[in-house]
1. Mind counting the residues in the range A:125-155 that are within 14 Å of chain B (Cβ to nearest Cβ) and open to solvent by 20 Å² or more (accessible area, probe 1.4 Å)?
2. Against the condition away from chain B (no Cβ under 11 Å) and surrounded by 24 or more Cβ atoms within 10 Å (Cβ to Cβ), how does A:Cys112 come out, does it pass?
3. Could you look through the range B:42-53, keep only residues that are open to solvent by 50 Å² or more (accessible area, probe 1.4 Å) and modelled with pLDDT of 95 or more, and pick out the one that is nearest to B:Leu15 (Cα to Cα)?
4. Could you check B:Val82 against (1) in contact with a Gly (Cβ under 9 Å, 6 or more places away or on another chain); (2) surrounded by fewer than 16 Cβ atoms within 10 Å (Cβ to Cβ) and say which number it fails?
5. Within the range B:12-54, count every residue that is more than 14 Å from every other protein chain (Cβ to nearest Cβ) and either in a helix (DSSP H, G or I) or aromatic (Phe, Trp, Tyr) (or both).
6. Considering the range A:67-96 alone, what residues qualify as being within 13 Å of another protein chain (Cβ to nearest Cβ) and part of a loop (DSSP other than H, G, I, E, B)?
7. Out of all the residues in the range A:173-190, which are among the aliphatic types (A, V, I, L, M), in a helix (DSSP H, G or I) and more than 16 Å from A:Asp114 (Cβ to Cβ)?
8. Being within 15 Å of the chain's Cα centre (by Cα) and surrounded by fewer than 21 Cβ atoms within 10 Å (Cβ to Cβ) is the filter here; which residues of the range A:61-87 pass it?
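The values are calculated or read from the model by the stated rules, or taken from the named source; none is laboratory data. Predicted model, so just to flag it, every value in this text is computed and none were measured. Note that each Cβ is placed from the backbone with ideal geometry, even for glycine, and that neighbours are counted across all protein chains shown. Protein only, heavy atoms only, side chains kept; ligands, DNA and RNA dropped before computing areas. Shrake-Rupley method; radii C 1.70, N 1.55, O 1.52, S 1.80 Å.
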Amino acid sequence: MKFGVVVFPGSNCDADCFNAVKAVLDQPVEYIWHKSNSVEGFDCIILPGGFSYGDYLRAGAIARFSPVMEAVIEFAHRGGLVIGICNGFQVLLEAGLLPGAMRRNDSLQFICDDTYLKVENADTAFTALWQPGQVIKIPVAHGDGNYYCDENTLKELQQNNQVVFRYCSPAGEVTAQANPNGSIDNIAGVCNKQGNVLGMMPHPERCAEKILGNDDGAMLFKSILAAWQRRVK
Amino acid sequence: MYQAKIYITLRQSVLDPQGSAVTRSLHAMGYENIKDVRVGRYLVVEVDAAGREAAEEQVHDMCKKLLANPVIEDYTFELVEV
């Protein structure tokens, strides 16, 4: 299974994502420069975290018009697996591949900390190896992670099981206190209706190996490979 | 040549964390009559267009596609000939 990590000017988690694929899955992985207009030959596209275009205008707003994004959008519409992490999530929102938008954190602070997440949907290609409702620990690092969508969209997300991760307490309670940034409904990650596009603010690539002190994030990468292997069969 | 002065703010239905913080700060300073603050962006765009209508249409288009995010933001603009 071949992974592609998109590199925008200002991406800064690209090497971490690249390394996670190598270290956890030992699968082929390549960087894709944002000026490329093709994602031909890739089986999963990762939009990494960082500050593409310095977050000018809005986080992800300018990256969304990079040449590579047209190919990524087309790839996603054909059912290709796309995951956006942190800034990558913001790019997916701006590109319209996922519903909603990001606001400044309600504390107005940049938050760099471990968060606990409840796996609300363990039926996606990105989460299938977790148990439904399982609590995992994944770090966040963002200033604009306050997820917003209107009421109708939220209802739709809930009805279609598109809320994939919610911020929770270590015991798994989804409370306002466990919400680091003010996100509506404690949302930490959502997928599209088809389930092949995931956006999440927490960074699984930063906790994918034991040597990093936490390997909860490894399961996400393993799930992707397992889903792809099932598909190919 | 036209100049568009574009104002972008979070929609009224969307809580504005920066605006709330500024409101609280103003209250703490004694400006208790301040009811609400919305923080936004201000852009000045020079448009080389054949006429006012064409310029307006283009500014609307740019606002919808890139300059504002219609999910959470509203925009208004003034257009002056320069």
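1. 7
2. No, not satisfied.
3. The selected residue is B:Tyr42.
4. For B:Val82, the failing item is (1).
5. So the count comes out to 7.
6. Hits for the range A:67-96 are A:Ala95, A:Gly96.
7. Filtering the range A:173-190 down to residues among the aliphatic types (A, V, I, L, M) leaves A:174, A:176, A:178, A:184, A:187-188, A:190.
Those left that are additionally in a helix (DSSP H, G or I): A:176, A:178, A:184.
Selection gives A:Ala176, A:Ile184.
8. The one that is within 15 Å of the chain's Cα centre (by Cα) and surrounded by fewer than 21 Cβ atoms within 10 Å (Cβ to Cβ): A:Gly80.
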